[in-house]
1. Tell me, what % of the accessible area of the chain is carbon and sulfur with a 1.4 angstrom probe?
2. Let me check against my output: what whole-number percent is the relative contact order of segment 1-55, with C-alpha pairs under 8 Å and at least 6 apart?
3. Starting from the coordinates of the alpha-carbon atoms of segment 58-98, obtain the Kirkwood hydrodynamic radius over all distinct pairs and give the value in Å to one decimal.
4. Residue separation times 0.36 nm, minus the C-alpha to C-alpha distance between D40 and F99: what's the value?
5. Just to check, using Stokes-Einstein with a Kirkwood Rh over alpha carbon pairs, what's the diffusion coefficient of segment 1-71 at 4 °C and 1.567 mPa s in µm²/s?
6. Go through G121, N152, G106 and say which Cα lies farthest out towards the positive end of the charge dipole of the chain; charges sit on Cβ, +1 for Lys and Arg, -1 for Asp and Glu.
7. Provide the net charge surrounding A122, with neighbours chosen by a C-beta distance below 13 Å and charges set as Lys +1, Arg +1, Asp -1, Glu -1.
8. Computed FRET efficiency, Cβ-Cβ of V186 and K30, R0 41 Å: what is it to the nearest 0.05?
Amino acid sequence: MTTIVGIKTREGVVLGSDKRASKGFFIGSKITQKIAKIDDTLAIAIAGQLSDAEYLIKVAKAERKLMELRRGFPLTVRESARLIANLAYSGLKNYQPYFVELLVAGVDEEGPHVVTADMSGAVIEEEFASSGSGSPIAYGVLESVYRADLTNDEAKEVAAKAVRAAMERDPGSGNGVDTLVIPKLVRAEAV
């Protein structure tokens, strides 16, 4: 019961979410953070069971750092998304599934990426994506206004518009909009 969106732009990536956390038909919180920044290049937006998502993010953050230390260079966004999806899938295989849908968004040497990952272990890269109970409504906005040449500022407005549209019709989404922008990596030019 939520709405999260991710948008790939020519300048980076943008994530957006609502702030409502539901407990059945009761609003448990009106200030929930559903976007977790992993580092300056990667963030995850969460839909589903908050405790499962927080656990997965904590483990993925630690595993990602360990892998980076072992090999001497950072994981790409796709590798990070695969790591997170594998962790989620391990729960499913052990009959203790993590009830989450995640949008992994970030930038690396290849550019910006928006990747969906869920408890089935599936990883799908998209230009834009949405998840949660409000996602059908958010997709209507995203489909109608997305362009590949969006700037980060424009995409931030689109993400907020998509989440606000979902909040109008979805009882599981509400109480405001959070957004996070991750700009492309700036490469040092050789002199």
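1. C and S atoms contribute 54 percent here.
2. 29
3. Its Kirkwood hydrodynamic radius stands at 10.7 Å.
4. This chain segment gains 18.6 nm when fully extended.
5. Calculated translational D: 95 µm²/s.
6. Highest projection toward the positive end goes to G121.
7. -3
8. About 0.65, to the nearest 0.05.
The values are calculated or read from the model by the stated rules, or taken from the named source; none is laboratory data. None of these values were measured; they are calculated from a predicted model. Using ideal geometry, Cβ is built from the backbone for each residue, glycine included, and neighbour counts are taken over all protein chains shown. The area values use the complete protein model at the heavy-atom level, side chains included, leaving out ligands, DNA and RNA. Shrake-Rupley method; radii C 1.70, N 1.55, O 1.52, S 1.80 Å.
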